[in-house]
Amino acid sequence: MNCHETQSYQTERQGELCGQLVLPETGVVVVGHGTADPVGAAETADIVAQVNAILPNIPVELGYLEVIEPTISMAVDRLSACGCKKIIAIPILLFAAGHAKKDVPKALQEAVARQGLSVQQAEPLGLHKQVIGLARRRFCEAVQGCTPIEGGSEALLVIGRGSSDPTAEQQLWGFVRSTYSGLASVAKHRFAVSFVAAAKPTISEAVKQLLHVDDDQLPVKRVVLHPHLLFHGHVEKQVDRHLEEVASKYPSVEWVKVPRLGAAPEVASALVDRGLSCLNIRN
């Protein structure tokens, strides 16, 4: 596998299936985390618009967990007013941590209870093939113009948002293996993971680990930082601040940052697939 391979972001089967799909008295709430960052909010709204376009016969509403409106409760109220009695909630979350396991279910249950509706919550995006394919493409885009370096002199640092959930590091390593396993261009890279907050190791700790070399090892000349993030916001801003710090501290090392996933069609397609799986409808 190499950086020139591409992956279709929406199968013909999904398009055909969703174009004809009718679910009586059922509506979809796409759950966003919520951000005060206007770019991140616009990216979230863009993804929801794409989901709406993929599901033309099913009402779709955006509901944020926190920070900004419309809230999850507002989204449920709108669907109830349209005659919906069953809600399919699709969280725009990468992994199963505190928000997916506790906060979102709590907010959903409170919202549907007031209206007398039922709700099913889809799984987070996790290691969905569309997300993995997009993450791999983002990496390839970032390193496309880089000058080749002698094998063993490059390192890859994958950065997660961070969570107190004990499986956070395990889930991030699962993403690393799924994204980079078999990718020829990183076969000799040193790998590490880190987190912006709430989990260890920190970015600074991981960078120090990657740059430490034994006498028989080549010094690291390039570090590719891959923040596994969906949208722009305060977490990416923190990553950028860390990048400025390490670039200043280690000026002899070339630092390359992989772009976030963003409002790509692959994300919308994966979200719809998670929602269909929640209903035992397979593409």
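The values are calculated or read from the model by the stated rules, or taken from the named source; none is laboratory data. Computed from a prediction, not measured in an experiment: that's the story for all the values here. Because the Cβ atoms are built from the backbone with ideal geometry, glycine has one as well, and the counts that use them run over all protein chains shown.
Could you tell me whether residue 83 is part of a loop (DSSP other than H, G, I, E, B), among the small types (Gly, Ala, Ser), under 23 Å from residue 47 (Cα atoms) and touching a residue at least 40 places away in the same chain (Cβ under 8 Å)?
Values: part of a loop (DSSP other than H, G, I, E, B): yes; among the small types (Gly, Ala, Ser): yes; under 23 Å from residue 47 (Cα atoms): no; touching a residue at least 40 places away in the same chain (Cβ under 8 Å): yes.
No, not satisfied.
For the stretch 122-134, indicate whether the set of residues that are in contact with a Cys (Cβ under 7 Å, 6 or more places away or on another chain), crowded, with 18+ Cβ neighbours inside 10 Å and either among the hydroxyl-bearing types (Ser, Thr, Tyr) or modelled with pLDDT of 95 or more (or both) is non-empty. Within the stretch 122-134, one or more residues are in contact with a Cys (Cβ under 7 Å, 6 or more places away or on another chain), crowded, with 18+ Cβ neighbours inside 10 Å and either among the hydroxyl-bearing types (Ser, Thr, Tyr) or modelled with pLDDT of 95 or more (or both).
Select, from 201, 251, the only residue that is surrounded by fewer than 20 Cβ atoms within 10 Å (Cβ to Cβ) and under 22 Å from the mean Cα position of the chain (by Cα).
Working: 251 fails: under 22 Å from the mean Cα position of the chain (by Cα).
Answer to the selection: 201.
Going through 181, 204 one at a time, which residue ends up being farther than 30 Å from residue 46 by Cα, without any contact (Cβ under 8 Å) to a residue 12 or more places away in the chain and not assigned by TED's automatic domain parsing to the domain that holds residue 43? Before you say what the answer is, go through the steps one by one.
Values: 204 fails: without any contact (Cβ under 8 Å) to a residue 12 or more places away in the chain.
Going through 181, 204 in turn, just one is farther than 30 Å from residue 46 by Cα, without any contact (Cβ under 8 Å) to a residue 12 or more places away in the chain and not assigned by TED's automatic domain parsing to the domain that holds residue 43: 181.
Checking 110, 61, 66 one by one, the residue that is acidic (Asp, Glu), surrounded by fewer than 16 Cβ atoms within 10 Å (Cβ to Cβ) and not in a helix (DSSP H, G or I) is 66 and no other. β-branched (Val, Ile, Thr), closer than 19 Å to residue 258 by Cα and in contact with an Asp or Glu (Cβ under 8 Å, 6 or more places away or on another chain) - does that describe any residue in the stretch 189-202? Looking for residues that are β-branched (Val, Ile, Thr), closer than 19 Å to residue 258 by Cα and in contact with an Asp or Glu (Cβ under 8 Å, 6 or more places away or on another chain), one finds at least one in the stretch 189-202, hence yes. Anything in the stretch 148-186 that is assigned to a loop (DSSP other than H, G, I, E, B) and within 17 Å of residue 135 (Cα to Cα)? List them, or say none. Passing the criteria: 161, 181, 182, 183.
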